[in-house]
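Accompanying notes for the structure given below.
The values are calculated or read from the model by the stated rules, or taken from the named source; none is laboratory data. It should be emphasised that the depicted structure is a prediction, and the values quoted were computed from it without experimental measurement. As a convention, Cβ positions derive from the backbone with ideal geometry for all residues, glycine included, and neighbour counts pool all protein chains shown. Protein only, heavy atoms only, side chains kept; ligands, DNA and RNA dropped before computing areas. Shrake-Rupley method; radii C 1.70, N 1.55, O 1.52, S 1.80 Å.
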Amino acid sequence: MRMLKKILLVSAAIFSAIGSFAQNITDVKINEVMLFNETNYIDSYGDRSAWIELVNTGYNTVNIAGCYLTNNIQNPTKYKIPTADPITKIPKQQFLVFFADGRSQHGTLHLNFRLDSTNRFIALFASDGKTLLDSVTVPLMEVDKSFVRLPNCFGKWQVSELATPNSTNDLFESKVSPAEKFVKVDPFGVVMAITAMSVVFTALLVLYRLFSFTARMAQKPIKVKLRKSKTADTEEEVEVEVPGEVFAAISAALYFYENDKHDQESTILTIERVSRRYSPWSSKIYTLRQTPNRVVFHRKLNKG
């Protein structure tokens with residue numbers, strides 16, 4: 001019996017150690033705060049008030065039930081986070097927003113104190129009421145501006161024009177375009193001008209070299225090996241230099257041939273009527289009729 005009790009106690013200790021390792025309350029940090037909320041985050045009652053964003057920087061779910069939030073370092077247990085609400089479990093790398101509106105009767109996420117121009121201190125204590133987990137004093141800011149860590153979770157505190165409740169603060173960096181970042185580095189555009197001119201002149205130099213090489217290759221004659229037969233049994237190889245113009249003409253001819261650019265004769269026959277004043281056949285007949293007479297006449301003369 002005693003052995004069984006010892007085993008149970010050891011098992012409970014082991015599971016307790018595993019549980020404390022699985023969820024470390026020290027991973028929870030204050031990530032963003034807004035003092036004056038007029039057009040920003042709205043609670044489930046449709047009201048706007050100051051709010052505090054907590055973030056779980058770890059990679060395990062952390063339950064902050066039993067921890068304390070306060071705006072007075074002398075009273076660390078001012079608001080105890082309820083232990084019977086599952087909403088107090090913050091998943092890994094996720095957020096939880098509390099409203100500092102002094103209306104704790106509205107639910108777990110509504111604190112029993114307010115934040116304003118005179119109350120700008122926030123602290124998060126562990127469930128023992130003594131271990132300070134995180135704290136921040138918010139500077140006076142304009143309406144709807146927030147005080148954030150940038151980069152998210154571990155960066156320095158700074159005032160931001162935009163607020164991201166229940167979301168990562170790294171969205172702020174995406175609001176700044178690369179052009180705006182470059183303007184900060186080179187406000188007068190000297191580096192930009194030098195870079196642009198370097199790119200242009202480099203491209204022109206490359207094109208000049210390419211065209212020069214192409215022109216030299218086009219003008220250079222090409223040697224072609226031809227076989228010249230000396231006798232019936234022996235052959236001799238002779239190198240003949242062929243100008244580039246010949247290859248250009250051959251290439252053009254092949255191109256036009258492949259693309260049907262050569263002339264094509266029409267296969268349509270056209271017959272037209274031609275009017276004449278006389279018949280060529282009748283003139284030939286007349287000639288044939290006169291020829292025998294002339295022959296006879298010459299013969300008669302010869303006889304006489």
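Take residue 122 and decide whether it is of a type in the set (A, V, I, L, M), over 31 Å from the mean Cα position of the chain (by Cα) and outside any strand (DSSP E or B). No: the conditions fail for residue 122. If you go through segment 107-126 and keep only what is surrounded by fewer than 17 Cβ atoms within 10 Å (Cβ to Cβ) and either in contact with a strand residue (DSSP E or B) (Cβ under 6 Å, 6 or more places away or on another chain) or in contact (Cβ under 8 Å) with a residue 40 or more places away in the chain (or both), you end up with 107, 112, 114, 116, 117, 119, 121.
Within segment 176-183, is even one residue in a loop (DSSP other than H, G, I, E, B) and either open to solvent by less than 40 Å² (accessible area, probe 1.4 Å) or on the phi > 0 side of the Ramachandran plot (or both)? Checked segment 176-183: no residue is in a loop (DSSP other than H, G, I, E, B) and either open to solvent by less than 40 Å² (accessible area, probe 1.4 Å) or on the phi > 0 side of the Ramachandran plot (or both).
The residue list 143, 136, 148 contains one member that is out of contact with any helix residue (DSSP H, G or I) (no Cβ under 9 Å at 6 or more places or on another chain) and farther than 18 Å from residue 25 by Cβ, which is 143.
Among the residues making up segment 25-45, those that are within 36 Å of the chain's Cα centre (by Cα) and open to solvent by less than 10 Å² (accessible area, probe 1.4 Å) are 28, 30, 31, 32, 33, 34. Every condition in (1) farther than 18 Å from residue 167 by Cβ; (2) at pLDDT below 95; (3) part of a loop (DSSP other than H, G, I, E, B) is met by residue 7 except one, and the failing one is (3).
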